[in-house]
Each structure stands twice: as C-alpha cells, then as structure tokens.
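Reviewing the structure listed below.
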C-alpha cells in the first residue's frame, strides 16, 4: 500500500515546500523584533517577594484539573486561595513531565511574574525543578512530594506532602467492618513507596478491626488508564471482593464500576461520594487549601526558603488538617463510625502509631522488629518496598 | 535564484501559504470569540481575540526567550519527522517514530551508564552510535518484515510502538531500575559531565544542531545521491524499479534503518540532554507529532525542519492561553488542527488561480528577409 | 450480596468478559474504516471521531436525562454521537477529495482537531454522571455473580455483531455494494458505469465515521462508562491496522475485534488470580499477539489480497 507520493512532480513541490514553510513561519509573526533590540532576558532578579505586596503563585498540574482526583485536589486547594486578596494565582494543567514543565515554569516567572511555583507532580522534581531553581535563585519552588534533601538540593526549593495514609488507615477500618466477605480490593497505579504505604495502611486499619481480612492488589502500570482500571475493578469483583479502593490519578472509573457491580467503595484524593450514592463508605482526601494558604501568608510576610523563614519540609496529617476524611456513606454502620472516630482521635493526638513492630510482610519476613515504632516522619517509611501481611500481590 | 522568470508561480508559493495561515488564524479567532464571548460587551470580546493573537505570537516567536522555547520544542520533532519522511520517499508509510525514540533512548542510557565517567565526547559519541544502531534495527526490522514477509509496514511499526513502550516500562521498573528513584521509577542517572550541554549563549541543547544536520544530510542524500535517486525511483514504481535491476529489498531495509536511526537519535537527545536518565517521560508523544510534521512538509527533510519550528511555536504558545485567558489546554489542540487542516487544503489551490499561471513565452520573432530601414542611415 | 470467589476459573472468565466488554469499540471503528477503505479512501482520523463521539454521547445523555428520563437519554446520546461523527466525517471527506491532498495527512490532522474539539467541549462533563446504556443479562441462568457480570452484554455490541455479516453481504451481493467496490478497486470502471466516485466516497466516509462515533459512545456510556480525556486506549488508531489485518473483510473484522478485546483483559485478569510479574509485557499482549499472527500469516505474495485497488492513490 503505497502513499501515492509522486516523485516526478514533487521536484517543483520541494522548492515550493521550503519556501512556503519559511514564509509560513515568518508570516506567523513579523520577525523584525527577534534579532534586534531584545537583549537576553535577565534571568536572576525577577520575582523576589517583598512583604505586603501582591504575591503571584503559579500552579502546575500533570493532568486535567477536573479529573475527580489528584489534580482536582490541588486545583481545589488553589481555589481556596481566592479568599486572600493579595494573592494572584495562575495555573496550567496537562503539563507533561518533560521540558514542557521547564518552559511552563519559565513562562510563569518571566511572563506572569510568579514568585512562588507549585509543580504538583512527582516527576517534575528531578531534573526540571532543580534546573530552574538554579536559574532563578530568587523564586521559591515548592514541590509536592517528599524529595527535598538538606545540603543536596538548592536552597530555594522546598517540599510539602501529607500523610494521607493516616486517612487510608481509618478508611480501612470502615472497610474492614463493612465488608461481608472479608475481602478488600486495591487498584494501584505503580508499586512505588507512596502507593505501597497507602495499601499497607489501608490493610492494617482493616485488620485492626477484623484480623481475618485480606486485600488483593492489582497494579495497572500507569497513573491514568481508565480501561485497565475498569478491567481490574471487574476482575476483583469477580473474585468475590466487596470493597474497592484505589490509588490512581482519577478514582472515578473505579468508584463508578464498584457501584455498578453493587459493591462498596472507598475514595481517594477527593470525594467521589456523588458517583456512588449507595456504596460509598468514606474516602481519604487532601486538604491542600490549608497548605497553600499557609505558604501564601509566609510569602506575604516576606519570608523565603533561602533565609530559613519558610521551612523546607512541610508534612502533616489529620492533626494539621492537611487531609480529611469524606463524609460517611449510608452503608456505614454506627459501630464502624465509632471505631473510626476513636482511631481518628488517637491519630490526631499521636497515641496511635500505624507502623509498629512486630510487622511481617506478605512473604513472612519481619520488616519491623518487635518493639520498634516508625512514626509518620520516619524516613524509612519513604523507602517502603514491601506489602504487609494480609495483602495478596507482589511488589515487582 | 533571483531568476524572475516564472515569477508568478514563485509568488504563488508565497501567497498561498501565507493566506492559509491567515485564514487559519481567522478561523481560530472566530472560535475564540465565541468561547470568550461576553454578551454584554461584544467590543471587549473582539478586543480579547486580538489580545489572544498577540499572546500567541509573543509566546512563540516574539522574544529571544520565546524563540528559544520554540526551538527546544522543535529539536526532537525534526529528528522524529525524518523517521516518517525518509521511508515515504520509498512509498512506505511508517509511523513507528515513538518506538524508535524509546529504544534509542534505552540504548543510549545503557551505553552511557556502562561507560560511566569517561571523557564526555567519547561517551556522547558512543551513546549516539548506540541510539542510532538501536533505532535503526527497530525500524529496519519493519522494513525487513515488509520485504521478506510482506507484512504491512504501517501496522507493524504501530504495533512495535506499543511493544517498545511496554519494554521501556518493564526495564525501567525492573532490571534497570535505580533503587533510589522510588517515586518515579527511572534508571540510574548519567554522570553530569557526559550530558549534552547547551549551545553557547542559549538555553537550547545540542539536539537542535543534530536535528538541523540530520535534515540537511537527509535532503542531500535523497536529492543528490544515486542512492537517493534509486530510492525515489523505487518509490515511484516498484515493478519498474525491479525490472531496472534496483535492489528494492536492500533499499527498503536500508532506508528504514536510516529513518529509525534518526528517531533513535532523538531518544538519545532526550536522555542525554534533558532528563539524564530513562523513565516513562521518554514516551512523550514526539513520535506522533513527528508524523504530522513529515506529512505537512510533504516528506521533504528541509521543509520538515521548518515545519517543526512552526509546530514548536504553536505548542509553545499553549501555556499562555491557559494562564492568561483561562482557556482550557485543549484550545491549542484545536488551533493546531485548524492550522494543519487549512494548510493541507491549500495544497489543492496551487494552479487554480489564473493570476498565478505563468504566461506562455512570446513566440520567437523570425528574422526579416530584408534588412529593416537603418535608423542611423 | 453473595460474593464467592471462583479461583482459577477467574482468568479465562475474565478474558471472556473482557472480550464481550471490550471489543465493541474496536468492532464499530473497524467496520466503519472497512466501509471507508472499500471505497478507496483511508480515514486515519477515527481516533478523533471516537473521542468526539464519546464526548457527545456522554454530554447529550447527561443533558437530556431530566427531560426524557434515564432510559431514553443514553440512546439519544448514541444518536448525537453518530451525528457528531458524521460532521467530522464530512470534513474529512471533503478535504481528502480535493486534488493533491494526501489522505493520511488529513487523517492525522483530524485526530488532532477531533481530540481538541472533544476535550474542549467535554470539560464541563468530566464531573457529572450520565445515565448509562442498559445491559442485557444473558447470564441470568447462573447463580454466580462473576458469571452474571461477564455475560452481561450491551445492545450496541449485539448491533455490531449483526452489522458485520450484513456488511459482508452488502459488499458481496448488493448493487450498492458493487458500486462501492467498483469505486474502490477501479475508479475508471466506476466512472464508465456512471457512478459518481466523489459522491460514493463521501457517503462511505461519512457512514464510516458514523459507525466509529458509535464505538466512542459505547466507551463513555457502557464500558468503562465514564467520560474523561483518557477514555480511549488507542482504538481509533488500531482500527486502521485491524482492517488491514482482517483483509478488508467485515466478518474478519469481527473476529479481529474479539481477539483484541480479549487480549486487553489478559493483563489485569492474570493479576487478579495472582500472576504478578511482567505485567507491562502482559498489558502489551494484544499487540504482541497481532504482530506474531501477522508475521505468521503474511507472505510476500499474499500481502495485499483484498486491498481495494485505488487505496493509497488519489
């Protein structure tokens, strides 16, 4: 099947092609300005915050901002800034983790005058944020994720994240008590520590309520694959699982499929309660508005990361209101609510530690020895590469 | 080149593309008008449309800053476009650019990591060669399947795309994974010193030079060598070429390998100039955009370079539409589609307007039998 | 809610379920492309048509659920999708029939344009819920929930399965089918018969887009049953490959679509029963399978049997 390109008549076409291309490009904008008069834009010195002045904050999302999930949670957090009169926020969605995000960050700084940039996806950090941070030492870069390391990364970079696995623990309690078959399902994107921590917390919470519960995990391979997520949800339901939760960018498909299969669901990132009026139990949601407002106030007061006025690492859980739980759905029993609230109170006052020994993984190996406790901030949890006992599935 | 004969057709080659672009801009402006429309204030809505135009220009070509953004985006597109443009001369429809980029990137990172911290130039040359080889083998296989088994090259290259991406994910998440790259599985990073730098005085990496060189070499190869001539002939009529004794099979595989190696080089540039490691970001849709560039440029390598810059400019202006006008990111896709549809339509306008048809040369005047009266007599 | 695990039967059952669930989009798009290619034109832009169809179906179903009720609304959505497909098909047909314009280039430009339009107008519909197409419970005889769910098929799928042999018969035994084939194999002969090549091709491309858009409606109104920008997994692109793989025979398009639908489900199905490793490669199994099949069944001489003669030329 040829393409019908006729080489004989195309000789004339070729010169025409080059000409037309050249003229197309230049006609696209008179090029007189390009080479004359425009000195290279100053790369340092733009965007230093001064106390009390209007602060421009730039937000970058890796996916669409109304995805009912991860990106939407960040967008809602940014919208929470609209109450603050001195903040101007700009946002760009669907920016892939390539040079595009570098370009976007540069544009926000040079064209919009942003003094603080919030790239919200993990993959933006290395090399993109690090490169830009070196080019613009007066702009603050706040990355969502736990990757900042003192002494290694530039001083104008900071990290923030939430211990959402606390909320998953409580969601697990509710799931464990509501499930009739004692089988839970978890649809996850990739076996990275953040995700594994959620799976483990969910399972530990469920098992604290019902020690015989198991969680079956399916990895779809990527953050947003609706067809695979639907397949996974159906396969799990076929296996007799009656509570589904997930860690993917947009839980919409999983929750809707669970509702269609008439099983329960637990949400993530944002509230998907409206999608599953019968089966939605609760969900682990972000509350980024707290974080962003705090940053905005610090920036307004003229504080920066470089001078130490703003801490480099900000983390929080339920206590600091970085996260919240969705409202309980109609299927949640009073007993489940009581137990969940009790656990929540213990997490907020610090008396409950999720990861304490002795803890075995699902191959029987001891991963946390008896007597040892790993608190939320413990760096060891960031390197998690195991699935706790009670989880059916493999990490690699 | 300042030959002013046939000035009409030369003018045509200028006016028609310019008119096409202007028309596409007008269509897009109408689209934006309705989207941004504020029924209470029509005048302001119209003014906003012109502001949108201004922003697009500013973000694409309007300053040195913007031009660099455009060039950075154009570099991988040029190399990727060659992966479709070259085999098209032979009459093959290959869309495996994405797969070739991915395997090229994998080969480059594997080579770079194995060689480690040695002289940057040696490492870069080795990575480039590895990428060229990997990409060449990948698409060369498509050509071989076509020649020896008659497998349709469009399908096999499309399937190989998906297979390459699966391979990338499997390797990056498995054997090649850097254990410390916890949250975004990647390979180990290249040593800082061996990474491709930027062209001095700019932010643009050397990938742009590779792209421009590759386009120039491809053009020369196709237009001015016997190999290229053989390829074009075979592309025009396979049977005639066979009868003439041209080694069609060898030509097929060789051209496909060359095409694949160009795309593989794009993968190497992504790894060595941008990311420093291989991970899922290698699969960034440059392949697909490259196909579009190749077709718009009618598979001419030089035109492909120019069209790549145009597409880079359009893509670079997407961000400003989102941030300043709250237009959704899909707007730039609509604009892209409009520009290319109108430009494609304009292809059919050549030769239609009488204004642009060259007038026939006046018949030669026969010398008079008798000498004319001499004026100086 | 009786849920019981079915153990190892889970994998084959899931693959069967995946076949019944996932092949409809492939089926509709490949049938539409088959019709188009029989008339001698290629439509590479079906991915854009698929997305626009999915978006319009979801949007209309969502918007009309109050006025016509949740039973009729999705069917209105399907109709709307078909109309949207026809509009895009008309643009493609008109443009690709202009002199000197290349089919494939127009197709790829239409993918960009179609996706852009779909995402742009679909933004307000990502959040809301739209009434879904009903499922026919063919598994009513079983007491096992998984079997019931696997055998629950959508009327659109049944429609597609009926259209395939109808289309085969159309090409083989009807006058109109003959015209289409004539235009596709030898436009000169068609002209001599008095058939207008332009008109026949226009009709075929528009009808093909109509079918492809219905495939899109299936995605957003049945499975996965939700509208978002990632709802398509490349079915539109693969459809062109499918048609060539099926040698331009509508019945073989049906079989190829079933193959693809089933192969899509292999990855998750195996994970659900505990086969965990190499899942990336398992997820790529439809493509690996097709490639192997093509290498095995093609040979130098047989490669283009069945290809309409005018395909690829102006």
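The values are calculated or read from the model by the stated rules, or taken from the named source; none is laboratory data. Worth saying up front: this structure is predicted, and the values here are computed from it rather than measured. As a convention, Cβ positions derive from the backbone with ideal geometry for all residues, glycine included, and neighbour counts pool all protein chains shown.
Brief remarks on what is shown
- Selected residue [farther than 30 Å from residue B:184 by Cα and assigned to a helix (DSSP H, G or I)] from A:346, A:303: A:346
- Every residue from segment A:77-136 that is facing chain B (nearest Cβ under 10 Å), assigned to a loop (DSSP other than H, G, I, E, B) and at negative phi: A:93, A:95, A:96, A:97, A:98, A:111, A:112, A:114, A:121
- Residue match in segment B:319-329 (condition: crowded, with 22+ Cβ neighbours inside 10 Å and within 7 Å of chain C (Cβ to nearest Cβ)): yes
- Residue within segment B:25-44 that is within 10 Å of chain A (Cβ to nearest Cβ) and closer than 19 Å to residue B:349 by Cα present: yes
- Considered as a group, the residues in segment B:124-137 that are under 19 Å from the mean Cα position of the chain (by Cα) and more than 15 Å from residue B:210 (Cα to Cα) include one that is surrounded by the most Cβ atoms within 10 Å (Cβ to Cβ), and that residue is B:135.
- For segment B:94-123, filtering for residues that are surrounded by fewer than 24 Cβ atoms within 10 Å (Cβ to Cβ) and not in a helix (DSSP H, G or I) leaves 4.
- Flag for residue C:65 being more than 22 Å from residue C:237 (Cα to Cα) and in a helix (DSSP H, G or I): yes
- Condition check for residue A:221 on (1) within 14 Å of chain C (Cβ to nearest Cβ); (2) in contact with a strand residue (DSSP E or B) (Cβ under 8 Å, 6 or more places away or on another chain); (3) in a loop (DSSP other than H, G, I, E, B): one failure, at (2).
- Sole exception among (1) away from chain B (no Cβ under 14 Å); (2) in contact (Cβ under 8 Å) with a residue 60 or more places away in the chain; (3) outside any helix (DSSP H, G or I) for residue C:229, by number: (1)
- Answer residue from segment C:270-295, given it is surrounded by fewer than 16 Cβ atoms within 10 Å (Cβ to Cβ) and closer than 20 Å to residue C:252 by Cα and is modelled with the lowest pLDDT among those: C:293
- Some residue of segment B:159-170 being crowded, with 24+ Cβ neighbours inside 10 Å and more than 11 Å from chain C (Cβ to nearest Cβ): no
- Meets criteria (within 12 Å of chain A (Cβ to nearest Cβ) and buried (at least 22 other Cβ atoms within 10 Å of the Cβ)) for residue B:265: no
- For segment A:137-152, the candidate set comprises residues that are on the phi < 0 side of the Ramachandran plot and within 14 Å of another protein chain (Cβ to nearest Cβ); within that set, the residue that is modelled with the highest pLDDT is A:143.
- Per this entry, residue A:176 is counted among residues that are more than 14 Å from every other protein chain (Cβ to nearest Cβ) and either crowded, with 22+ Cβ neighbours inside 10 Å or under 20 Å from residue A:249 (Cα atoms) (or both).
- Any hit, segment C:95-107, residues being within 22 Å of the chain's Cα centre (by Cα) and more than 30 Å from residue B:346 (Cα to Cα): no
- Yes/no for residue A:196 being within 14 Å of chain B (Cβ to nearest Cβ), at pLDDT 90 or above and within 17 Å of the chain's Cα centre (by Cα): yes
- Single residue of C:90, C:120 found to be at the interface with chain B (Cβ under 7 Å from one of its Cβ atoms), at pLDDT 90 or above and either within 26 Å of residue B:295 (Cα to Cα) or in contact with a helix residue (DSSP H, G or I) (Cβ under 7 Å, 6 or more places away or on another chain) (or both): C:120
- Candidates are the residues of segment A:321-343 that are touching a strand residue (DSSP E or B) at 6+ places or on another chain (Cβ under 8 Å) and part of a loop (DSSP other than H, G, I, E, B); the one that is nearest to residue A:143 (Cα to Cα) is A:322.
- Meets criteria (within 24 Å of residue A:107 (Cβ to Cβ), touching a residue at least 12 places away in the same chain (Cβ under 8 Å), surrounded by 19 or more Cβ atoms within 10 Å (Cβ to Cβ) and more than 9 Å from chain A (Cβ to nearest Cβ)) for residue B:77: yes
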